[in-house]
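Asks: If you scroll down you'll find the structure; I have some questions about it.
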Amino acid sequence: MQSSNGRPRGGGGGAESWFDDHDVHDPASAEATEGVKYDDPWYDALASGWGESAGTRTSGSADSSAREYDAPAAAAADVYLEVQRSDAFQEVRRRYRRFVVPAGAGFFVWYVAYVVTATTAPTLMARPVAGAVNVAMLAGLGQFLTTFLLTWAYARHARLRRDRAALELRWDTQELTRGIRGGVS
């Protein structure tokens, strides 16, 4: 029996296999066979210079040592580092941590208590509350309820205590970097 591409169908044994029936496009093998360089413009661009301060550049390859040092980008990186060290940014982070750490810890303790109780005290969890509803079902639904309540509380806290300050920081940072880059955003 033949397939639609004119090749005989293999039964899975012998020298024929699924790979023989299909064309496999591998950029590395295409490079080696055709002598064409596979050039991905995003491969080096994403990681080069990321997280480095203004004066420190590492030369990871011959291509990176041949690149020019981009002064406006380095100055913009200095602006971001300056903003990160500012009191306003630290206050936004402090407000974030003041909510997230206790809320996350509380929810984690509640979840672990539910799991531990379900495994160590099955008779307590099987105790009926109303009809077919037992303690385990109520606690499980309570997990969903607390998830929604925690999400609502987080959004409210962010809106009332962090969003305005974070937006002002973002605006100031964009104004500073726009000034360094010569008005181009």
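Asks: Averaged per residue, what accessible surface does region 78-175 expose to a 1.4 Å probe, in Å²?
Replies: 74
Asks: Right, next: Using a Förster distance of 41 Å, how high is the FRET efficiency between Trp110 and Glu82, based on the Cβ-Cβ distance and rounded to 0.05?
Replies: Working from the Cβ atoms, E equals 0.50.
Asks: Next question, about the same structure. At a 1.4 Å probe, what is the % contribution of carbon and sulfur to the accessible area of region 101-143?
Replies: The C+S portion of the solvent-accessible surface of region 101-143 is 79 percent.
Asks: Go through region 113-127 residue by residue and turn each phi into a ³J(HN,Hα) via Karplus (6.51, -1.76, 1.60, θ = phi - 60°); whole Hz please, and just put x for glycine and proline.
Replies: 4, 5, 5, 5, 5, 5, 8, 9, 10, x, 5, 5, 5, 7, 4
Asks: Taking amide hydrogens as modeled 1.01 Å from N in the peptide plane, which residues meet the under 5 Å criterion relative to Asn134, leaving out close sequence neighbours?
Replies: For Asn134, whose amide H was placed from the backbone, the distant partners under 5 Å are Val129.
Asks: At a probe radius of 1.4 Å, what is the per-residue accessible area of Phe107, in Å² to the nearest 10?
Replies: For Phe107, the solvent-accessible surface is approximately 60 Å².
The values are calculated or read from the model by the stated rules, or taken from the named source; none is laboratory data. Quick caveat, the model's predicted, so the values are computed rather than measured. Heads up, the Cβs are rebuilt from the backbone with ideal geometry, glycines too, and the neighbour counts pull from every protein chain shown. Just so you know, the surface numbers come from the protein's heavy atoms only, side chains and all, with ligands and any DNA or RNA stripped out. Shrake-Rupley method; radii C 1.70, N 1.55, O 1.52, S 1.80 Å.
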